[in-house]
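Remarks on the structure that follows.
The values are calculated or read from the model by the stated rules, or taken from the named source; none is laboratory data. Just so it is clear, the structure is predicted and the values come from calculations on it, not from any experiment. A quick note on method: Cβ atoms are made from the backbone with ideal geometry, for glycine too, and the neighbour counts reach across all protein chains shown. Ligands, DNA and RNA are excluded from the accessible area calculation, which covers all protein heavy atoms including side chains. Shrake-Rupley method; radii C 1.70, N 1.55, O 1.52, S 1.80 Å.
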Amino acid sequence: MERSITFMEKLFNGYALVDLGYRDYIAARFLLNSHFIVQGLTLASTAVEKYLKAVIVFNLQEKERYNYHLDRFEKLKNLLAKVNSDVTEGFDPTFVAILENAFKIRYYDKLEKPIFMGFYINQLIGELDHTIGFLEDFISRTQSGGQSMTAYSRAVRDNEPSLYQNNFVLNREDKKEFMEKPDVGFSICISIGSAVHRENVVQGGNTRNKYDGRIAEFTEFTHDFML
């Protein structure tokens, strides 16, 4: 197989992934803010995945297989390290674990055991906004000298409500203060039996959480309760 890759190939493929990633991200924001939790989570997972693949593509020296999803996060992380751009070093591990599980629930027939997730919705959206904003900034600085022309940068320029709604990054709020606002917890359990699957999403009351660099887990409901 021809392994060489041209600058234009990297540019075209990289920005195509950024564009697709932004579309998933903005749809994920809408769904999560509207409390369509499972649907929003799956798009949040594919959004971050596509941005990470874009970083890989922009930094390739030769063609490389990178068709992994976030349920194989370590594979993507290893590729990022290989091209000297592991942007995931500072990622919140709780957030990453949620996105890994979120990809798995796209295909119920592939589940080998129940999936359980518990989190607070504004914290999750906040971490998603922080992560995408960070990746957009990284790509802008490393690929175009800070003069980004992505869909995200155009939406920022145009003050798009769908991007600015409940977005502490663009609204210039302090992250810790935003993460410690009263928040609503969600508990999700998805299991599969011999003939049917069960999908349960349980909403808890408003809670204030301490934020120490990791989003809080919502543990009010146990596996036994959900099943």
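General observations
- Accessible area of the chain belonging to carbon and sulfur atoms, whole % at 1.4 Å probe: 50
- Ranked from largest to smallest solvent-accessible area, with a 1.4 Å probe on the protein heavy atoms, Asp137, Asp24, Asp109, Asp19 come out as Asp109, Asp137, Asp19, Asp24.
- Label-point separation in nm, Ala16 to Asp137, each point 7 Å along Cα→Cβ: 3.0
- Choice from Lys175, Lys110, Lys53 with maximal GNM fluctuation in the chain (Cα, 10 Å cutoff): Lys110
- Toward the positive end of the charge dipole of the chain, with +1 on the Cβ of Lys and Arg and -1 on the Cβ of Asp and Glu, the farthest Cα among Phe91, Ala155, Phe218 is that of Ala155.
- Positive end of the dipole of the chain (Cβ unit charges, origin at the Cα centre): among Phe58, Tyr164, Ile139, the Cα lying farthest that way belongs to Phe58.
- Span-rule helices in the chain, defined as complete DSSP H runs reaching 27 Å or more along the axis (Cα) with Kyte mean at least -1.0: 7-33, 37-58, 121-143
- Using 0.36 nm per residue and subtracting the Cα-Cα separation, the extra length available between Arg106 and Glu9 on full extension is 31.9 nm.
- The accessible-area ordering, largest first, of the residues Lys82, Lys77 stands as Lys82, Lys77, per a 1.4 angstrom probe.
- The range 1-47 shape via C-alpha gyration tensor axes, a/c threshold 1.5: prolate
- Electrostatic dipole magnitude of the range 7-152 [Cβ: Lys, Arg +1; Asp, Glu -1; Cα centre; debye, to 20]: 320
- Fluctuation leader among Met179, Met149, Met117 - the chain, Gaussian network, Cα springs under 10 angstrom: Met149
- Accessible area of the chain divided out per residue, in Å², using a probe of 1.4 angstrom: 52
- Between Gln203 and Gln61, the FRET efficiency estimated from the beta carbon spacing at R0 = 35 angstrom works out to 0.15.
- Set Lys53/Lys82; Lys113/Lys210; Lys75/Lys104; Lys104/Lys176; Lys50/Lys75; Lys104/Lys210 screened for pairs whose C-alpha atoms are more than 24 Å apart: Lys113/Lys210; Lys104/Lys176; Lys104/Lys210
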